[in-house]
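Some notes on the structure that comes next.
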Amino acid sequence: MQAEQNEQRQGSRRRVLKAAKIVYSNSAFVVDCVMRDVSDQGAKLKVDESVEIPSHFQLYLKADKIVYDCQRKWRKGSELGVEFIGEAKAIGSSGSSRIEQIARLSV
């Protein structure tokens, strides 16, 4: 019950297992991660513990072809809590943006 009392999330979360990429520094850096759960407001990610993650970044979900602007809220070892800033953006097929280029190269 203690964990429920400490819950800060406003919406309900759903368990997922989705490959994702953290993109930052004007798309110069890309870090692989896994989305473990998601709500309308944010998500929990699993990343390599040795990788530093900035406070603001984009989260690219290849399977959904979307990208979120995110703010890091907490980190405990390899787990990272993020808040979505605004709505998800669909990745277009124009190929003009750096994130679209990353999307084409992702396997």
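The values are calculated or read from the model by the stated rules, or taken from the named source; none is laboratory data. Nothing here was measured: the structure is a model prediction, and the numbers come from that model. We place every Cβ from the backbone using ideal geometry, glycine too, and count neighbours over all the protein chains shown.
Of the residues that make up segment 70-92, is at least one basic (Lys, Arg), more than 18 Å from residue 17 (Cα to Cα), assigned to a strand (DSSP E or B) and modelled with pLDDT under 95? Even if it seems obvious, please write down each step before you answer.
Narrowing segment 70-92 to residues basic (Lys, Arg): 72-73, 75-76, 89.
Pick out the ones that are also more than 18 Å from residue 17 (Cα to Cα) and you get 72-73, 75-76, 89.
Now narrow it down to the ones that are assigned to a strand (DSSP E or B): 72-73, 75-76, 89.
With modelled with pLDDT under 95 added as a condition, the list becomes 89.
Yes - at least one qualifying residue is present in segment 70-92.
Can you tell me which residue within segment 17-33, out of those that are assigned to a loop (DSSP other than H, G, I, E, B), out of contact with any Phe, Trp or Tyr (no Cβ under 9 Å at 6 or more places or on another chain) and touching a residue at least 12 places away in the same chain (Cβ under 8 Å), is nearest to residue 46 (Cα to Cα)? Please lay out each step first, then the result.
Initial filter on segment 17-33 (assigned to a loop (DSSP other than H, G, I, E, B)): 25-28.
Remaining after also requiring out of contact with any Phe, Trp or Tyr (no Cβ under 9 Å at 6 or more places or on another chain): 26-28.
From the residues that got through so far, the ones that are touching a residue at least 12 places away in the same chain (Cβ under 8 Å) too are 26-27.
Values: 26: 22, 27: 20 Å.
Checking each candidate, the answer is 27.
Tally time: how many residues in segment 65-89 are under 12 Å from the mean Cα position of the chain (by Cα) and charged (D, E, K, R)? Spell out the reasoning first.
Step one: list which residues in segment 65-89 are under 12 Å from the mean Cα position of the chain (by Cα), which gives 66-73, 79-85, 88.
When the remaining residues are screened for being charged (D, E, K, R), the result is 69, 72-73, 79, 83.
Within segment 65-89, residues that are under 12 Å from the mean Cα position of the chain (by Cα) and charged (D, E, K, R) number 5.
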Practice problem: Assess whether residue 51 counts as being under 25 Å from residue 98 (Cα atoms) and without any contact (Cβ under 8 Å) to a residue 24 or more places away in the chain. | Solution: yes
